[in-house]
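Notes for the one structure printed next.
The values are calculated or read from the model by the stated rules, or taken from the named source; none is laboratory data. Note that this is a predicted model, so its numbers are computed, not measured. Using ideal geometry, Cβ is built from the backbone for each residue, glycine included, and neighbour counts are taken over all protein chains shown. Accessible surface areas use protein heavy atoms only, side chains included; no ligands, DNA or RNA. Shrake-Rupley method; radii C 1.70, N 1.55, O 1.52, S 1.80 Å.
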Amino acid sequence: MEIQNTVAIVTGAGGGIGGAIAKGLSRAGARVVVTDLDADAVAATAAAITADGGSAIAVSGDAASDAHIDEAIAAAEASFGPVDMYFANAGIGGKSGLDATDADWATVIDVNLMAHIRAARRLVPEWTGRGSGYFVSTASAAGLLTQLGSATYSVTKHAAVGFAEWLSATYGDAGVRVSCLCPMGVDTKLLRPDAGGDDPGERLMQRAVETAGAVLDADDVADVVLAAIVAEHFLILPHPEVLEMYRHKGSDYDRWLRGMRRFQQSLLATADS
């Protein structure tokens, strides 16, 4: 994949992984539309890209909305040309456990999964028509393993991985390339949404992520993402150890689950001490 002279849309680009990917794409020669629910944050990302000599425009809105997806694509086409790459990066954590209501579940499913489906529904027919396009799904290591402390996050990230797999298997021979990003801890607001929060599941989730492996800088993750796209790798693992964890899970599911329960107990014991 040649990134130079492509047109890309990156959702959730007001900061974190999305902002870092957008800046990396620009440095590699892409023209970028950045979107985020936070209008000020995404405008700042676009301004930073422009100040660095790149080409970017900001469109604020809900990444899960069909209207917003259409608006972002229209802005890209009007300013830069047809969209070559779409980074479905926006994501949320949501309520943590069985106390999550149907409305809570619907919100997380909408952002972490349906946003990907709606964007693909809009772009893939066009890409298959011209024989090229690239869809990048930001899932999580939680989508391959699980996420202690958060059912909503874990389940929707599993679903995001599943959709990316299906998309690649179904449209890969028609020129649509797909990558799925599955990091563990990354130093973003999603990892530390509220240091003083009183949600025990959220605190458990944070401790689990910080204990499982290194917490990476978003810029370092973006470098791994761009290199994987150039190589056209499906699974993008900024934490390489996730692959070994995934293999252990598949080789003995019961043993892996026992290990996860022990890990959870150790985290709870540490929190109580």
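Take Val108 and decide whether it is without any contact (Cβ under 8 Å) to a residue 40 or more places away in the chain, open to solvent by less than 10 Å² (accessible area, probe 1.4 Å) and within 26 Å of Thr211 (Cα to Cα).
In short, no.
(1) modelled with pLDDT of 95 or more; (2) surrounded by 15 or more Cβ atoms within 10 Å (Cβ to Cβ): which one isn't true of Leu216, the others all being true?
(1) is the only condition that Leu216 fails.
For the range 34-53, enumerate the residues that are closer than 18 Å to Asp219 by Cβ and open to solvent by 20 Å² or more (accessible area, probe 1.4 Å).
Asp36, Ala41, Ala44, Ala47, Ala48, Ala51, Asp52, Gly53
Could you check the range 217-273 and list, in sequence order, the residues that are within 17 Å of Ala142 (Cβ to Cβ) and touching a Cys at 6+ places or on another chain (Cβ under 8 Å)?
Correct list: Leu235, Ile236, Leu237, Val242.
Take the residues in the range 1-33 that are of a type in the set (Val, Ile, Thr) and in a strand (DSSP E or B); name whichever of them is surrounded by the fewest Cβ atoms within 10 Å (Cβ to Cβ).
Of everything passing the filter in the range 1-33, Val7 is surrounded by the fewest Cβ atoms within 10 Å (Cβ to Cβ).
Please enumerate the residues belonging to the range 118-140 that are open to solvent by 40 Å² or more (accessible area, probe 1.4 Å) and either in contact with a Phe, Trp or Tyr (Cβ under 8 Å, 6 or more places away or on another chain) or free of Cβ contacts under 8 Å to residues at least 12 places away in the same chain (or both).
Arg121, Pro125, Thr128, Gly129
Against the condition touching a helix residue (DSSP H, G or I) at 6+ places or on another chain (Cβ under 6 Å) and within 16 Å of Leu25 (Cβ to Cβ), how does Ile57 come out, does it pass?
yes
With respect to Ala90, determine if the residue is over 23 Å from Leu181 (Cβ atoms) and open to solvent by less than 40 Å² (accessible area, probe 1.4 Å).
no
Assuming Ala75 fulfils every condition listed in (1) open to solvent by 70 Å² or more (accessible area, probe 1.4 Å); (2) not in a loop (DSSP other than H, G, I, E, B) apart from one, which condition is it?
Condition not satisfied by Ala75: (1).
Would you check which residues across the range 78-96 are in a loop (DSSP other than H, G, I, E, B) and over 17 Å from Ala46 (Cβ atoms) and list them?
Result: Gly81, Pro82, Asp84, Gly91, Ile92, Gly93, Gly94, Lys95, Ser96.
State the number of residues belonging to the range 254-273 that are more than 27 Å from Arg203 (Cβ to Cβ) and of a type in the set (Phe, Trp, Tyr).
0
Out of all the residues in the range 54-72, which are open to solvent by 70 Å² or more (accessible area, probe 1.4 Å) and touching a strand residue (DSSP E or B) at 6+ places or on another chain (Cβ under 8 Å)?
Glu71
What is the one condition in (1) open to solvent by less than 10 Å² (accessible area, probe 1.4 Å); (2) closer than 22 Å to Lys249 by Cα; (3) modelled with pLDDT of 95 or more that Gly185 does not satisfy?
The single condition Gly185 does not satisfy is (3).
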